[in-house]
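Please treat every number below as a calculation from the coordinates, not as lab data. Just so it is clear, the model here is predicted, and its values are computed rather than measured. Every residue, glycine as well, gets a Cβ built from its backbone with ideal geometry; the counts of neighbours run over all protein chains shown.
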Amino acid sequence: MFRSFFALCAALLISASLAVPALAVEPDEVMKDPAMEKRARVISKDLRCLVCQNQSIDDSNADLAKDLRVLVRERLSKGDSNNQVIDYIVARYGEYVLLKPRMAPHTWAMWFAGPLVLLLGIFGLVTAYRRRRAAPAAAKPAPALSEDEARRLDDLMNPGAK
């Protein structure tokens, strides 16, 4: 009994791990022309789902993502180029809809902040390393106390022990 239960569980786990994840694009959205469908998928992978925010509209199951996928396919059917479709959607929803923002003066901080912080960190490490190397050697240990100094120290440490 236990073996058959274990075999059933193992078979279910194996079949679940081999299952292909479901695609968000529904069959009624697919274009008849494979080249146009490929273009639509390329565009959809670069556009952010405004509901999910960290998924492309190609991967999202949200209603807005479906509407945007349909809009992309409609614009392509009308003869728009990939850039025209993207520009249309950006004009309508703002640059936030792009998963990979464009290189523009208002996005320079985002594009260059990471490398700049990395370079500043490397510069700081090199500077600290050089200062540590140039620091003087450790001070020599103090000489041992004379008998008189040892007695005076003992008197100071134990004032009532005479």
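For the reader, a short list of remarks on this structure follows.
- Taking other Cβ atoms within 10 Å as a rough exposure proxy, ARG75, ARG92 sort from fewest to most as ARG92, ARG75.
- Two-site label geometry, LYS78 and GLU95: point separation in nm, points 7 Å out along Cα→Cβ: 2.4 nm
- Ranked by the mean number of other Cβ atoms within 10 Å per residue, highest first, peptides 59-69, 130-140 order as 59-69, 130-140.
- Sorting 97-104, 43-50 by their mean Cβ neighbour count within 10 Å, with the most densely packed peptide first, gives 43-50, 97-104.
- Gained length - ARG133 relative to MET157, 0.36 nm times residue gap less alpha-carbon distance: 4.7 nm
- Kirkwood Rh in Å, taken over all unlike Cα pairs in segment 54-162: 21.4 Å
- Integer Hz, Karplus 6.51/-1.76/1.60 couplings in order for segment 90-107, x for Gly and Pro: 5, 4, 7, 10, x, 5, 4, 5, 7, 5, 10, x, 6, 7, 8, x, 7, 10
- The 3J(HN,Hα) values that the Karplus relation (6.51, -1.76, 1.60; θ = phi - 60°) gives for segment 32-45 are, in residue order, 5, 7, x, 5, 5, 5, 4, 4, 4, 5, 4, 5, 5, 6 Hz. Gly and Pro appear as x.
- Legend: calculated FRET efficiency, MET36 to VAL117, from the Cβ-Cβ distance at R0 = 41 Å, rounded to 0.05, equals 0.45.
- Bins of 5 Å from zero: percent of alpha-carbon pairs in segment 20-102: 3, 17, 30, 27, 17, 6, 1, 0
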